[in-house]
Each structure stands twice: as structure tokens, then as C-alpha cells.
Amino acid sequence: MTEVQGRNDPAFDAVRDELAARLAAEEELGAAIVVDVDGHVVVDIWGGWQDADRRTPWGADTVVNVWSSTKMVTALAVLMLVDRGLLDPYAPVARYWPEFAANGKDAVEVRHLLSHTSGVSGWDQPFQVEDMYDTEGATKRLAAQAPWWAPGTASGYHAQNQGHLLGELIRRTDGRSLTAFVAEEIAGPVGADFSIGARDVDPARIAPVVPPPPLALEIPPDSVAFKTFTGPAASADAANTDAWRKAELGALNGHGNARSLNRILKALALDGTVDGVRLLSPETIALTLEEQSHGVDLVLGVPLRFGIGFALPESQTVPYVPQGRALYWGGWGGSLTIADLDSRTTVSYVMNRMAPGIIGSDRSAAYVQVVQSCLT
């Protein structure tokens, strides 16, 4: 089998074997998995190739665009401001961002942005991927438009724009950009190799993403799903461009690896603290578990449960996520992080060859299931 680098506790050899088998079968191009149990890293492994031409091995410090796994870090940033008393999750967004009240959005609350229930899950047309790079202009457009459904009544995954919405709340209350806040208040203090966008020092170690097979979706053109997926039309290839990497896309273009995602997000499973650095209080973590919606998501078309900031377990759609007190989300193509508060375990997985689907993949599900078997 293909050699896997890194280390793991012998009790988790099966995780290493699973990654090696999928690399050997060429299901994976390059990938990394990290598992933390009660503050102790028991798996930190990687393998495969950084590039599709198989010239550069995936290394210990390889980073990749993690797509919507970025949303977990962005939500954490907003929750830190909740923790500090600068944001009230039950207050109208317009209290902090007055322009957002336009076109019937005056009653939209901060929690609605965090739980994908605001009614603003994309941009009105015309709008292209490149328009997202203009953070100020794109955010003004979101403030001006009307919601696509009654806010707070259902979830509709804010696939590409949640970072603009939450990033503006950070700017209005903290004064810094989302990129700066994550660097100075999260990644820096806990020593995590993660950034919104890619830093100037990163190009040589970025693993370009390999797009998944195209999805043949038939969606009614007047549906929320169609509006979201075409506002703008997503492009996996865009993630490999300099313009994308230089932008601030808090829903989409976080660059890191399994180690850095795990380092940051294990705070959720560890009462808010990482090696003495407090990111959240236990009270704010309890807030994240308050169910905001449970039903068929208007955009993704499958049953989902959302708390305040993260998804909650849903046995039909994600049966491999622990069904107790757990917080999770993933990225297009399969990247995934699960923070299990009951077992104080955090599992993170990233890859460069994107699999079909939006919520996890067959690969990420298999890795999580193997981890669970090792834990028991």
C-alpha cells in the first residue's frame, strides 16, 4: 500500500491503513487526517501528492483550499465576539449593520446568519464568481436585496455568501476584517497554520484542488436552490487562481490542513480552550447547540439540523456523525471536521481530489467510521 507519513497511536492503526488503501486505489490524490482525543493528538497523518502530475509529495506543511470547512472558523470568529459581549445572537443584524434592514430584513437576527436561516443564501443576478472578490461591493449588494424566503422559518444553505455576511458583522463590531481577526485572534494565538485566503508565503506548498465530476442537477429556476447555486455559479477551478487566493471569502477560501483545522476547532470539544488559550466560554459553546432549524434544507435538498454556527447531528443525512452533542461541517469535495463534545474528540480531514457531493463524501464517511471503531 502507499506509504503514509506522520504518526498515530497504535490503537488507531486502522485509520492509517484506511488512508493508505484509498491512496493506493487512487481514490485519493493527496490527503491528511488528524484526530484529537481530550486534548491529545492520537492521529496526525498525511500522504499522496500535492499536485495532479504527481511531482510533489503531500508534505507535513502542505495546505489546501478547504472550501466550506472555512465556515466553521468564520462562525467561531463571530461566536468569539458573542462571547465578549460585542454581539447578541438574538439581536437584529441591523443593530450592528443598519443598511441590512433594507427590503424587509429588519427582523433578521444574528443567529439567522449563523444558522443559514436568514433568507439571504446568495446574490441576486447578475453576479459572477469574480464579483465576490470585491468584498465591499458584494456585501453592499447583500444588504440591499430582499430575502428569498421568510427569515427564521427554514434553513437554506448560505453556500458562498455566509463569509461576507458574517465578515461584515465582525468589521462593524470589532473594526478588523475577517482575515485579520482570524490571523490575530485565532490562528496566531493557538499556533494554527490557517488563513482566510492564502498568504504570500504559501504558493509553493498549496495543493491545487482537482475538481469533482460535474453534477447533473435539474432544479426549478424559480427555486431557492437555483438562485443560490447560480448566484454565483460555483467554479472549482477558480480556487486555483491568484485572484481567489488573495480574496476574503469566509465561506469558501480558507487555506490550511487537517492539523490546523483540528487545532482550532478542537476548542469546541474542549470547553473552549486549546492548551491554555481560551477561544470560547462553555456558555457560548452551549449556545451553539440550540437548534435553529431541522428539516429539508431549501438549498441542499436533504434533512439538516443547524445550531448557532454549526450543523448538529442528523441521522438520515449524516449517520456517521456522532448523534449526541456534536458540531460539524465540511467543504465541497469532502473535507470535514467533527467536534464531539461528549467524547471530547475532534476529527479533521482534508484532501485535494474533490469527491462528488457537498456534505462530506464516501471517503470522509469511511475515515470517521474507522475512527469511531478505534475509539470503541
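None of the figures in this text is laboratory data; all of them are computed from the coordinates on show. Quick caveat, the model's predicted, so the values are computed rather than measured. Every residue, glycine as well, gets a Cβ built from its backbone with ideal geometry; the counts of neighbours run over all protein chains shown.
Say the dipole of the chain comes from +1 at the beta carbon of Lys and Arg and -1 at that of Asp and Glu; which of LEU113, SER260, ALA21 then lies farthest toward its positive end? Working it through, the farthest residue towards the positive pole turns out to be LEU113.
Extent of segment 32-173 along its three principal axes (Cα atoms, max minus min coordinate, largest first): 52, 40, 27 Å. When the helices of the chain are scored as -39500 (n - 2.57) per DSSP H run of n ≥ 4 and the total is divided over every residue, the value at 222 nm lands at -7500 deg cm²/dmol. Taking Cα centre as origin and charging only the Cβ of basic (Lys, Arg, +1) and acidic (Asp, Glu, -1) residues, the dipole magnitude of the chain rounds to 300 debye. For segment 52-203, the Cβ-based charge dipole about the Cα centre amounts to some 280 debye (Lys, Arg positive; Asp, Glu negative; other atoms uncharged). Of the peptides 134-140, 159-165, the ranking by mean beta-carbon count within 10 Å, highest at the top, reads 159-165, 134-140. As a length-normalised measure over Cα pairs under 8 Å and 6 or more apart, the relative contact order of the chain settles at 23 percent.
Evaluated on segment 161-306, the Kirkwood hydrodynamic radius is 17.7 Å, with distances taken between all distinct Cα atoms.
Placing a pseudo-label 7 Å from each Cα along the Cα-to-Cβ vector at VAL302 and LYS140 gives an inter-label distance of 3.9 nm. Note that the chain, at 25 °C in a medium of 0.890 mPa s, gets a Stokes-Einstein diffusion coefficient of 121 µm²/s from its Kirkwood radius over C-alpha pairs.
What do you get for GluC sites (Glu not before Pro) in segment 183-288 restricted to DSSP loop and a cutoff of at most 14 other Cβ within 10 Å of the site's Cβ? Taking segment 183-288 and a limit of 14 other Cβ atoms within 10 Å, the loop GluC sites (Glu not before Pro) found are GLU218.
Projecting the Cα positions of ALA91, ASN352, PRO212 onto the charge dipole of the chain (unit charges on Cβ atoms of Lys, Arg, Asp and Glu, taken about the Cα centre) puts ALA91 furthest along the positive direction.
With neighbours defined as other Cβ atoms within 10 Å of a residue's Cβ, the residues GLU168, GLU28 order from fewest to most as GLU28, GLU168. Against the chain, whose longest principal axis is taken from its Cα atoms, helix 162-174 shows a tilt of about 70°. By a straight-distance test (C-alpha under 24 Å), which lysines pair with LYS140 as possible cross-link partners, with residues fewer than eight away in the same chain excluded? By straight Cα distance, LYS140 reaches LYS71, LYS105, LYS227, LYS246.
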